[in-house]
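Worksheet for the structure shown next.
The values are calculated or read from the model by the stated rules, or taken from the named source; none is laboratory data. Quick caveat, the model's predicted, so the values are computed rather than measured. All Cβ positions, even for glycine, are placed from backbone atoms using ideal geometry, and neighbour counts span all protein chains on display. All accessible areas refer to the heavy atoms of the entire protein, side chains included, with ligands and DNA or RNA removed. Shrake-Rupley method; radii C 1.70, N 1.55, O 1.52, S 1.80 Å.
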Amino acid sequence: PARRVLVTCDLFCAGCAAAMVLPGTPIAVLLSLRGTMAVIAPVFTGARAASLTDILPGDTFVLGRSLIRMVAQRAQIVGAGAGGLLLIVASPRAVLAITATTFAGSALLLRFGTGRRPARAAAEGGAILRQSLAGCGRLLADRRVRALLALWWAQSFFVVVPEALAAPYTAGIGAGTTGLGLFMTAMPVGTLLGELLAGTLLSQAARSRIAGPLAACSLLPYVAFALHPSLPWAIGAMFVTGLSAAYTLGVDQWFIAAVPEDLRGRAMTLLSAGLMTIQGLGMAAAGAAAEFAPPHAVTAWAGLLGTVCVVAVLRPVMRHRVS
């Protein structure tokens, strides 16, 4: 059952964060604990998204998932700032202890604040890993699902490039730490506004119509970095890219329509795990490229190559999509 999975994930993360607080913990153990939390994260997000399909039927699922993304974006911005402020008055161990408490609080909220619903499908028998691989195999064998996953992941690989290079870029234009903060918040703010406007002002059919064109153009603002823009123009490019995230509402509709109901939990987990992995690889690739070219040139090339890749994967998506 989804609630049990969500509560268990939160408790595991609370335990990992609490273990980090112990004095004398070796760096290797700290990294292992952080890695364990990263492994758990896509399981949590996948189970949460799958449970939403039971709570919110039809188009309300897409809006609910968009709302969760907006809340998560804002919470990450606030959390990063709050973490920095806490470190002024408390030790890192104390802040990690607070983190463990918030995970435990989330577990309590989920356990007593949500209703119990049965598992989506009966257990299939056999090892969990074998079941998971079999489910992923079924999903990847479907051309529609495979094309939609490729669209999500291709865009995500390139969209993180300027954020990965934000510190050297803003330092190079003399923007300072305040400029770095403004640069890093521009895209999340644009994402919040884009999804809010699309979710409140557009119908389901309209969101589906604009999804393809918006996805195709989502990385084009990065090409402006070829001109080595000053901070206001760079922030504007990041903000416009964030606005284009409204395409995700339409792609969510297609994805849910394409995935068999009994595989939705695994599909959401596969999507989430893939996004996290791809974004990490994109950041690593951006850093490697910046060893040979200035950050603004790397970002501009990411916009150009990313647009080509997104348009390429959009073709099978539009051909096989389910409205």
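For the range 169-203, a tally of residues being polar (S, T, N, Q), closer than 16 Å to G84 by Cβ and open to solvent by 70 Å² or more (accessible area, probe 1.4 Å) returns 2.
Taking residues in the range 250-264 that are closer than 19 Å to A215 by Cα and among the polar types (S, T, N, Q), and partners anywhere that are modelled with pLDDT of 80 or more and open to solvent by 20 Å² or more (accessible area, probe 1.4 Å), the pairs with Cβ atoms closer than 9 Å and at least 6 places apart or on different chains are Q253/Q204. Looking at G265, G274, G306, just one residue is of a type outside the set (F, W, Y), touching a Phe, Trp or Tyr at 6+ places or on another chain (Cβ under 7 Å) and closer than 18 Å to L139 by Cα, and that residue is G274. Could you tell me whether G83 is in contact (Cβ under 8 Å) with a residue 12 or more places away in the chain and within 16 Å of the chain's Cα centre (by Cα)? Against the criterion (in contact (Cβ under 8 Å) with a residue 12 or more places away in the chain and within 16 Å of the chain's Cα centre (by Cα)), G83 does not qualify.
Checked against the criterion of being more than 30 Å from T191 (Cα to Cα), open to solvent by 50 Å² or more (accessible area, probe 1.4 Å) and modelled with pLDDT under 85, the candidates R116, R111, R93, R69 yield just one match: R116. Of the helices (runs of 4 or more DSSP H) contained entirely in the range 219-323, those carrying at least 2 residues that are of a type in the set (A, V, I, L, M) and open to solvent by 60 Å² or more (accessible area, probe 1.4 Å) fall at 264-289, 295-320.
In the range 145-168, of all residues being farther than 27 Å from L270 by Cβ and small (G, A, S), the one that is most open to solvent (accessible area, probe 1.4 Å) corresponds to A167.
Does F103 satisfy the condition of being under 20 Å from V7 (Cα atoms), among the aromatic types (F, W, Y), surrounded by 12 or more Cβ atoms within 10 Å (Cβ to Cβ) and in contact (Cβ under 8 Å) with a residue 60 or more places away in the chain? It is true that F103 is under 20 Å from V7 (Cα atoms), among the aromatic types (F, W, Y), surrounded by 12 or more Cβ atoms within 10 Å (Cβ to Cβ) and in contact (Cβ under 8 Å) with a residue 60 or more places away in the chain.
Can you tell me which residue among A288, A273, A297, A293 is over 19 Å from R146 (Cβ atoms), of a type in the set (A, V, I, L, M) and in contact (Cβ under 8 Å) with a residue 60 or more places away in the chain? One residue alone meets the criteria, A297.
So, A14, is that one open to solvent by less than 40 Å² (accessible area, probe 1.4 Å), under 23 Å from A267 (Cβ atoms), touching a residue at least 40 places away in the same chain (Cβ under 8 Å) and part of a helix (DSSP H, G or I) or not? So A14 fails the test.
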